[in-house]
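Scroll down for the structure; my scribbles are underneath it.
The values are calculated or read from the model by the stated rules, or taken from the named source; none is laboratory data. Keep in mind that this is a model prediction, so the values were computed, not measured. Ideal geometry is used to build each Cβ from the backbone, glycine not excepted, and the neighbour counts take in all protein chains shown. Accessible surface is based on the protein model in full, side chains and every heavy atom, while ligands, DNA and RNA are left aside. Shrake-Rupley method; radii C 1.70, N 1.55, O 1.52, S 1.80 Å.
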Amino acid sequence: DARLEGVHFDVTQESPGVAGRHAVTAALSDLAASGARPLALTVALEAPATASLDRVMALMRGAAAAARRHACPRVGGNVSRAPRIGLTLTALGAVPRGRALLRDTARPGDRLLVTGALGASALARVRARREGREIRRAPAPRLAAGQALARLSGVGACIDVSDGLLADLRHLLRASGVGADLEVARVPRARALGPACRRLALDPLRLALAGGEDYELLFTVRPTAPTAPRLARRLGVAVTEIGRIVGRRGLRGAPPGSEGWSHF
């Protein structure tokens, strides 16, 4: 994963320490979506020669703190001059043979579920931009939930919600060659999303569907798999059923104009 200043974070809105923690979350979230436990992390730092040493060190300290929190030691990396500050991370993990969670294993008839709640990260970014609030918290990867999913039978495909629920759902559907009927009214939203969006004249549903960087797990299970409440107990996090996988291609139920993050 690459996290570049001016592309993935804005130092006027997000402190270097938070940006460093966020970079590690993004890398480890891919391990979570595979059901893997983290083993090690490499971190390559890019920065211009004129960069503030304090800012650069704060970025690295934030990344180091997040790696320690998730028991993922840094085992190497690189330092290079570049036009802007950035981190490039490689996360290494392990999963029992044959138990890895994949994107291409959803089947028609599967139930579609998501962990946690959505929209909080997008709301924090809007507040930072409009109100001058600094983003103080970085989301956490669902590593324990992903490992628990990998141990369960009846699990189909899985992906982490980094680009936005709709964008990542479409990635999963394309990989599996299927479609989905989404029940948007059931999509779980962050607790403070509604009141905050009313104050800021924002659409809370759009933030929840397309905001991105929530790093929750979006996954499918076979029709006979445990219910969402039972899965929540097994995973140790709230789980909500939000739709079904169908045989015909495409996504039904998604409002227009909610595409999520575009990398280019």
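Before moving on, here are some points about what is shown:
- Treating r as the C-beta distance of Ala94 and Arg137 and R0 as 35 Å, the FRET efficiency rounds to 0.75.
- Reported value for segment 1-92: 82 Å³ per residue, from the convex hull of its C-alpha atoms.
- Taking amide H as placed 1.01 Å from N in the peptide plane, Ile135 has its amide H under 5 Å from the amide H of Glu14, Ser15, each at least 5 places away in sequence or on another chain.
- Taking Lys and Arg as +1 and Asp and Glu as -1, the other residues whose beta-carbon sits under 9 Å from that of Arg21 total +2.
- Within the accessible area of segment 119-205 (1.4 Å probe), percent carbon and sulfur: 46
- Charge tally for Pro83 (other residues, Cβ to Cβ under 10 Å; Lys, Arg +1; Asp, Glu -1): 0.
- A crude spin-label estimate for the pair Ala71 and Ala40, with each label 7 Å from Cα along the Cβ direction, gives 1.8 nm.
- Angle in degrees between helix 53-69 and the longest Cα principal axis of the chain, rounded to the nearest 10: 40
- In the chain, the sites counted are trypsin sites (Lys or Arg not before Pro) in DSSP loop states with at most 13 other Cβ atoms within 10 Å, and the longest stretch holding none of them, exclusive of the sites, is 1-83.
- Summing charges over all other residues whose Cβ lies under 12 Å from the Cβ of Ser176, with Lys and Arg as +1 and Asp and Glu as -1, gives +3.
- Computed from the Cβ-Cβ distance with R0 of 45 Å, the FRET efficiency linking Met57 to Ala238 stands at 0.75.
- Estimated 222 nm signal from helices in the chain, with DSSP H stretches of n ≥ 4 weighted -39500 (n - 2.57), rounded to 500: -10500 deg cm²/dmol
- Dmax and Rg, reported as Rg then Dmax, of segment 49-180 (C-alpha, Å): 18.5, 56
- If the chain linking Thr227 and Arg248 were pulled fully straight, counting 0.36 nm for each residue of separation and taking away their Cα-Cα distance, it would gain 5.1 nm.
- Rg(Cα) / (2.2 N^0.38 Å) computed for segment 131-264, rounded to two decimals: 1.09
- Whole-number D in µm² s⁻¹ for the chain, Kirkwood Cα-pair radius fed into Stokes-Einstein, 4 °C, 1.567 mPa s: 68
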